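Trainee: First the structure, then my questions, so here it is.
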Amino acid sequence: MVAQVAPADRVRAVEGLTRDENVAAKVTAGLLRRPDVAFKANDYPDYGLVA
């Protein structure tokens, strides 16, 4: 049986697992290689922040 986990709980779990900057950078790079993910990530407003 697979447990039903709310999306918000999944997000919190991923955030917890990616507290380390090196891990977060690798995960982010991998996610942004997925065209659908990269497109959705680009939907957020630009607050003038420079990476």
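Each value in this text was obtained by applying a stated rule to the coordinates, not by laboratory testing. Because the structure is predicted, anything quoted here is derived from the model rather than measured. Heads up, the Cβs are rebuilt from the backbone with ideal geometry, glycines too, and the neighbour counts pull from every protein chain shown.
Trainee: Per 0.36 nm of contour for each residue apart, how much would the distance between A25 and N42 grow if the chain were fully extended, relative to their Cα-Cα spacing?
Mentor: Between A25 and N42, full extension yields 4.4 nm more.
Trainee: Could you sort 23-35, 3-15 so that the peptide with the highest average Cβ count within 10 Å comes first and the rest follow in order?
Mentor: Most protected by this proxy first, the peptides run 23-35, 3-15.
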